[in-house]
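This report concerns only the one structure given below.
Any read-out appearing in this document is the output of simple, stated calculations on the displayed coordinates, not a laboratory observation. The shown structure was predicted, so the numbers you read here are calculated from the model rather than taken from an experiment. Counting neighbours? That spans all protein chains shown, and the Cβs are built from the backbone with ideal geometry, glycine included.
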Ligand code: SF4
């Protein structure tokens, strides 16, 4: 049985609503005119509609879209071949919600570059560029802070600040894409595993995904996008009912309700049986394998009992387990499982025909675990 060292108060059930709070203004700004539209908040259809309302043809919308997502312009005046009157309207009515970098730090192993990005209201969020074996991945945040309160997570320990708009999520992907572009490479993979619970900010997250998937823009293939959730059942079911073919990763960390609830407060709201039903539903509707994340905590959930329980729990699902040794945080005394223990855990899963991968911990020296750089910055 896990012993929570600093179990948070469980947020109200209403906080798990998969919609942003009513009245939340996607274009609300404090250091830019608050009536202006963040262009990154607009889908291509919305951009066309905006320009059509101003009396411009789709040709101009396509040109702006191309400049934003193919040429990666960083200022409205950088959009090529715009009519002066259209540029004046854009300047008056819109802005580009580029996120300034507060801190950028590279890991010693050279695989990870982490950014603390500043939002318009001075909240900060993290985005990470990971490059390994020629594969580049952007890890982005969907919220500033997080309401879920997972006790081992630095973001969970800081609490919830606010949801991000679609444009603020898109801007992170663009930030990483721009860096790769400067290196003559392109971004192919995106994971929603930064700060926040993506399904708690469902609408903005899905809109952001639609924008980065758009084949005329960044054109990230849906199968190269991984959405990670701590197990918000209504959101998983909603995702199953929609068309996007993104990869779903569910954070389990415990194979019994008692084990999960000790680590993840939302597990009290949605017990394992409900979560597994939702995963089965997702798997049948979307015909996709589900990835299960398991943070290995030494002496806690890396035991042979937990490995057998996990094997039994998932053996009827099309599943893959990612075993990730814990990234230690200041607010949680747990330690990462040893490599030998991780391998033994993996061998037990194999007995149940369950494929798994032991993930390498990268970027420990730059606080690459979600929320750690922001927590470090707020302490300095
Ligand atoms: S692990 Fe994910 S869901 Fe849990 S507190 Fe951290 S950011 Fe939120």
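Taking a ≥ b ≥ c as the square roots of the Cα gyration tensor eigenvalues, with a/c under 1.5 meaning rounded and otherwise prolate when a/b beats b/c, else oblate, which class fits the range 125-185?
oblate
Calculated from DSSP H runs of 4 or more alone, at -39500 (n - 2.57) each and per residue, what is the 222 nm mean residue ellipticity of the chain, nearest 500?
Theoretical 222 nm ellipticity from helices: -10500 deg cm²/dmol.
Can you give the angle from 0 to 90° between the axis of helix 44-53 and the longest principal axis of the chain, with both taken from C-alpha atoms, to the nearest 10?
The helix 44-53 is inclined about 30 degrees to the chain.
Report the Cα centroid-to-centroid distance between the range 37-82 and the range 334-351 in angstrom, as an integer.
50 Å
Relative contact order, percent, of the range 100-379 when contacts are C-alpha pairs under 8 Å separated by at least 6 residues?
Relative contact order for the range 100-379 comes out at 18 percent.
Once both axes come from the Cα atoms, what is the angle between helix 84-93 and the longest principal axis of the chain, in degrees from 0 to 90, rounded to 10?
Once rounded, the angle reads 50 degrees.
Mind running the shape call on the range 58-189? Use the C-alpha gyration tensor, a ≥ b ≥ c as the square roots of the eigenvalues: rounded below 1.5 for a/c, prolate if a/b tops b/c, oblate otherwise.
Oblate is the answer for the range 58-189, as a/c is 1.5 or above yet b/c matches or exceeds a/b.
Arranged from highest to lowest average of other beta-carbon atoms within 10 Å per residue, in what order do the peptides 131-144, 95-108 appear?
So the order, starting with the most tightly packed, is 131-144, 95-108.
Most exposed first by the Cβ proxy, i.e. fewest other Cβ within 10 Å, how do 344, 339 rank?
339, 344
What residue among 231, 254, 331 shows peak mean-square fluctuation when the chain is described by a Gaussian network model with Cα springs under 10 Å?
331
Using only the alpha-carbon atoms, how far is helix 272-286 inclined from the longest principal axis of the chain? Give it as 0 to 90 degrees, nearest 10.
Between helix and principal axis, roughly 50 degrees.
Over the range 37-95, calculate the relative contact order: mean separation of alpha carbon pairs under 8 Å at least 6 apart, over the residue count, as a percent.
Relative contact order, the range 37-95: 35 percent.
Of 171, 154, 75, which has the largest mean-square fluctuation in a 10 Å C-alpha GNM of the chain?
Of 171, 154, 75, the Gaussian network model singles out 75 as fluctuating most.
Order 293-303, 308-318, 180-190 from most to least packed using the mean count of other Cβ atoms within 10 Å.
Ranked from most to least packed, the peptides come out as 293-303, 308-318, 180-190.
In terms of the Cα gyration tensor, with a ≥ b ≥ c the square roots of its eigenvalues, is the range 37-95 rounded because a/c is under 1.5, prolate because a/b exceeds b/c, or oblate?
Rounded is the answer for the range 37-95, as its axis ratio a/c remains below 1.5.
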